[in-house]
Structures are given as structure tokens and as C-alpha cells.
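Chemist: Encoded as C-alpha cells, here's the structure I'll be asking about.
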Amino acid sequence: MSEPITTWAPRGAWAGHAGPGRHGRMQGEAGLRLTLREGLGLATIIAGDGQEAALGAILAERYGWSLPEPGATALSGERGFVWSGPGQWLAVVESGRALGGLPDALRGVAAVTDQSDARAIVRVSGPRARAALAKGVTVDLHPRAFGPGRTAVTSIAHIGAQLWQVDAGPSYDVAVARSFAGSFWSWLTDAAAEYGYEVDRIS
């Protein structure tokens with residue numbers, strides 16, 4: 001029997017929404033860079049009752065990872081954890097394959113749910129990144145209130161989102177549900193247009 005023929009191919013969360021290149025105000029240097037974070041491995045980690053210490057010990061011993069405090073991140077390069085709520089964290093690694101052994105390692109201690117295909121993440125960086133995001137973010141992004149290593153579960157233009165600051169550039173990673181990627185992208189590019197923005201991707 002012949003093999004069925006299919007034209008199916010994986011699509012990134014931003015496919016059909018974001019086009020590479022320079023957009024918005026075209027004179028001078030672009031005020032923002034929007035980097036599409038495709039291919040990351042993501043998982044929600046929810047500690048069992050009374051298991052946070054055991055969870056932290058396993059992660060430290062087996063992976064060299066630490067759990068961040070509320071409202072903070074613990075990232076080394078492109079991997080680590082982002083606090084998401086009481087007893088909850090978002091694991092971020094460079095690819096979905098890197099999450100392979102996590103459910104077994106944390107069995108009986110924490111629930112692990114793969115979110116790699118459920119979230120869309122964009123890095124917003126550049127001299128006008130804070131100004132553009134401030135148009136819709138419901139938290140204070142002033143450096144005295146929110147700096148590198150901080151995170152917030154919030155809403156942006158009425159879209160649920162998780163935001164964390166990567167560096168003092170400033171650079172921010174913003175994660176939204178994949179089903180809201182188009183709506184969020186439309187808002188973000190409107191907010192960025194007056195400053196000029198460039199789009200690229202990390203695959």
C-alpha cells in the first residue's frame with residue numbers, strides 16, 4: 001500500500017502574522033526590534049502541596065536550575081524558570097526536546113504540562129521598547145519599579161500575557177496564548193509604528 005501524501009507542515013506561532021523587515025516610521029534608526037522566539041521548549045511546573053522544597057532540590061541536583069522568588073526569573077542564557085503564580089513556574093529551554101525527561105524527574109513532586117506549542121513569545125527590545133509596551137501594559141515598567149529579572153502575569157491591550165525583562169537594554173520577552181498571537185501582534189505593531197521597528201526571528 002502506498003504511503004498517504006500530505007502537504008501538512010509545522011507552523012510557528014507567528015506564521016501568517018509577522019513579516020521580517022523594517023516597518024513603521026522609516027527615517028532614522030528603528031526604535032524597536034521584535035524578535036520572534038520560535039522553537040523554544042516551554043512547560044508549566046506546578047508544585048504539589050508542600051513539595052516546593054523537594055522540587056527545588058531535584059531541579060538543582062539534576063539540572064543545576066533554581067526556582068525564582070515570586071515576581072522574578074531565574075534564567076541563565078535562554079534556559080531556566082519564570083515565576084507564574086504561587087507554586088507555579090514557566091520552564092524555558094532552547095527546544096522542546098530539552099524538556100523530555102522533566103515529567104519523569106518530577107513525578108510525585110510537581111505537575112508538568114508542555115506549553116511549547118501553546119504559547120507565542122516575542123522579544124521586544126530597543127530604545128523605545130518600554131515606551132511602546134507602556135501603551136498597553138497594566139504594570140509600571142519604570143526602571144525603579146520593574147527591571148531585569150522581574151516578571152508579571154498581566155494583560156496587554158486586554159490580552160492575557162506574561163512579561164519578563166531580560167536585560168537593561170531594555171529587552172522584554174512577552175508570552176501570550178498562541179490563539180491570541182494575531183491580535184497581540186496587531187496591537188504591538190500599531191504601538192511600535194511611530195518609532196519604527198524591525199522584525200527578525202530566532203529559530
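Coordinate-derived values only; no laboratory data. Just so it is clear, the structure is predicted and the values come from calculations on it, not from any experiment. Heads up, the Cβs are rebuilt from the backbone with ideal geometry, glycines too, and the neighbour counts pull from every protein chain shown.
Chemist: Between helix 52-63 and the chain, what is the angle of the helix's C-alpha long axis to the longest principal axis, kept within 0 to 90° and rounded to the nearest 10?
Modeler: Taking Cα atoms only, the helix is inclined about 80 degrees.
Chemist: Applying the Karplus parametrisation 6.51 cos²θ - 1.76 cosθ + 1.60 with θ = phi - 60° to the phi angles of region 21-28, what ³J(HN,Hα) value in whole Hz is obtained for each residue in order, glycine and proline being reported as x?
Modeler: My calculation for region 21-28 gives x, 9, 9, x, 4, 9, 8, x Hz in order.
Chemist: Same structure, new question: Only one of the values (i) 17.9; (ii) 17.2; (iii) 22.0 was calculated from this structure for Kirkwood radius over Cα pairs in Å; name its label.
Modeler: The value computed from this structure is option (i).
Chemist: Would you work out which of Gly160, Ala47, Ala57 lies farthest towards the positive end of the dipole of the chain, given +1 charges on the beta-carbon of Lys and Arg and -1 on that of Asp and Glu, about the Cα centre?
Modeler: Value computed over the given set: Gly160.
Chemist: Is it possible to state the helix-based mean residue ellipticity at 222 nm for the chain, with each DSSP H run of 4+ residues giving -39500 (n - 2.57), the sum divided by total residues, to the nearest 500 deg cm²/dmol? What is it?
Modeler: Working: 4 runs with 33 residues, N = 203.
Per the formula, -4500 deg cm²/dmol.
Chemist: Moving to a separate point now. By how many degrees, between 0 and 90 and to the nearest 10, does the Cα long axis of helix 181-192 differ from the longest principal axis of the chain?
Modeler: Around 40 degrees separate the two axes.
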